[in-house]
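Chemist: This is the structure, below, for whatever I ask next.
The values are calculated or read from the model by the stated rules, or taken from the named source; none is laboratory data. Being a predicted model, the structure only gives us computed values, none of them experimental. Every residue, glycine as well, gets a Cβ built from its backbone with ideal geometry; the counts of neighbours run over all protein chains shown.
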Amino acid sequence: MLVFMLVCIGCYHLYKQKQIEKPVVITQQQAKSPKELSKAIHVTEQQAQEVISVKERTQPVATYYTQAPTVEKAAEKVKQDIAHSNPNLPKAAIEKSDRTAVVANTEEQKVDVYKINLNKGHKIKAGVTLIDKKAYETIGYQAGKVEVLTHFNGQHLEGGSVLYTVKEW
């Protein structure tokens, strides 16, 4: 039963993650306001402020020109093209990232694409550990590269583990 619940929770989490990873069209005004940007791309206001400060210092991963009656409609078309991995888009525009912001740049009559990868420093984990044909509920916490796991048998603490992330990709 526990395994079934964990599978269901995992599937739900993957579904929600896929929903927020979908490209979104944002206005230039939203791209400058932490409050508006946080709502548009589903991040905290602090993360939105970090995104804005990085955006001001960097170029978009892709600038795209397409035939459309307005820049806003062009941005919507680019969003759909990214969602469907259109091969005509620049490779950088369809690469995987935590968030994709498609900005309708009305001042310069173009569409900019920003790929946003968030620093996820803290993680809480849950799972099952099997040792010598005994199942233990496992709860863990990860901060940066260090992860601490505790193993329970029913209500009693049976042991623990400490892991260090050697390589990430």
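Chemist: Quick one: in segment 28-47, which of the residues that are more than 15 Å from V103 (Cα to Cα) and touching a Leu at 6+ places or on another chain (Cβ under 9 Å) is modelled with the highest pLDDT?
Modeler: My answer is E45.
Chemist: OK, next. Looking at K96, K123, can you tell me which residue is part of a loop (DSSP other than H, G, I, E, B), within 16 Å of the chain's Cα centre (by Cα) and under 30 Å from F4 (Cα atoms)?
Modeler: Values: K123 fails: part of a loop (DSSP other than H, G, I, E, B).
Of the residues listed, the single one that is part of a loop (DSSP other than H, G, I, E, B), within 16 Å of the chain's Cα centre (by Cα) and under 30 Å from F4 (Cα atoms) is K96.
Chemist: Still on this structure, please answer the following. Any residue at all in segment 53-61 that's assigned to a helix (DSSP H, G or I), surrounded by 12 or more Cβ atoms within 10 Å (Cβ to Cβ) and modelled with pLDDT under 80?
Modeler: Within segment 53-61, one or more residues are assigned to a helix (DSSP H, G or I), surrounded by 12 or more Cβ atoms within 10 Å (Cβ to Cβ) and modelled with pLDDT under 80.
Chemist: Report yes if I139 is closer than 24 Å to I9 by Cβ and either loosely packed, with under 12 Cβ neighbours inside 10 Å or out of contact with any strand residue (DSSP E or B) (no Cβ under 8 Å at 6 or more places or on another chain) (or both), otherwise no.
Modeler: No; evaluated as a whole, the condition is false for this residue.
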